[in-house]
Amino acid sequence: MSEHPGRAFQEQTSYHRESMEEHELDWRSKPPVYKFYSYAPVIGLPDPAPALDEYPGPDIYQCVSRRRSVRSFGATPLSLLELSRLLWASGGITTSYITPHGQDFYRAAPTAGALYPIETYVVVNRVEGLEPGLYHYRVAGVDILERPITEGSHALEQLKTEDLRGEISAAALDQLMCAKAAAVFLWTAVFARSIWKYRERAYRYFYLDAGHMAAQLSLAAVAQGLGSCPIAAFYDDEVNGLLGIDGESEGIVYMTAVGRPSRPFGTKADVRHTARPKE
């Protein structure tokens, strides 16, 4: 193993003009872009789009200005509509279009090559209308031929119904905010989706794609008066075990805790390491 694996990763996934290799894509082996749990009960989510049109929240510039990493959450649960908006804003379908092969979709966050390798799971601690437990975000529905369709999209697949506060907190390097948050978003990468096209370079894109989604979620949280804190510090094997994935074909890459702030935005307890502007 390299003495500096991070540096080796950066070097070995770099593009160099003189050594770029062309390769043809085998479209017959292209991995599916959507994941479904066929055995899981499906819970429909409120449609966020009409509510967003009527929502008297701050504009995008105010959301950017107010965004902070919030680590202290109150006991008030999220509503199902609030969770629906967070899921839609971070990884949901924003519009659909017809292709020669059926329906395809644009989503809220950008992704390299329209391959969408990132899957969203949610550990629910306190959300109105949902039992505590583990859920998978079902981005699109599926027709009789198992092709993605709009019908049945934007839903949750219920994977576990149990109190996971202790387990998710312990897996996140014992960060208690995960137990106190109303929900914890977990983003995994299905590695084959991007490796199929980008090979070793794909490993950079997994983290970038997850980062795009986390940024979208953080602004959607501010717009609803919620707090969020992105988390990259976790025991990978423990989180993968909680999710029931192997860490090889699919693995955890990023997380975000969400809830109602226990104190107003901008207090010292929730703002850390903020540099003051030079006078």
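FYI, it's all coordinate maths here, none of it is from the lab. Computed from a predicted structure; not experimentally measured. Every residue, glycine as well, gets a Cβ built from its backbone with ideal geometry; the counts of neighbours run over all protein chains shown.
Per residue, the average separation of C-alpha pairs within less than 8 Å and at least 6 apart gives the chain a relative contact order of 25 percent. Packing, as the average of other Cβ atoms within 10 Å across residues, places the peptides 104-110, 184-190, 4-10 in the order 184-190, 104-110, 4-10, highest first.
Take the Cα atoms of the range 74-191, build their convex hull, and give its volume per residue in Å³.
Numbers: hull volume 15.0 nm³, N = 118.
It is 127 Å³ per residue.
Extension gain for the segment R199 to A215, taken as residue separation times 0.36 nm less the Cα-Cα distance, is 3.2 nm to one decimal.
In plain terms, the chain from E248 to I149 could stretch by 32.8 nm, reckoned as 0.36 nm per residue minus the Cα-Cα distance.
Rank the residues C178, C63 as a footprinting-exposure proxy: fewest other Cβ atoms within 10 Å of their Cβ go first.
Details: C178 28, C63 17.
Listing C178, C63 from fewest to most nearby Cβ atoms yields C63, C178.
Each of V239, V64 was scored by other Cβ atoms within 10 Å of its Cβ. Listed from fewest to most, they are V64, V239.
Take the Cα of D237, step 7 Å along the line toward its Cβ, and report every residue of the range 175-205 whose backbone nitrogen sits under 19 Å from that point. The answer is 175, whose backbone nitrogens lie closer than 19 Å to the label point. When peptides 141-148, 205-212, 216-223 are sorted by average Cβ neighbour count within 10 Å, with the highest value leading, the order is 216-223, 205-212, 141-148.
Under the 0.36 nm per residue contour assumption, what length would be gained going from the current alpha-carbon distance of Y61 and T161 to full extension?
Numbers: separation 100, 0.36 × 100 = 36.00 nm, distance 3.83 nm.
Computed gain between Y61 and T161 is 32.2 nm.
Assuming a strict under-23 Å limit between Cα atoms, what lysine pair count do you get for the chain once near-sequence pairs (fewer than 8 apart, same chain) are dropped? So the count works out to 6.
Residues M177, M255, ranked from the fewest to the most other C-beta atoms within 10 Å, line up as M177, M255.
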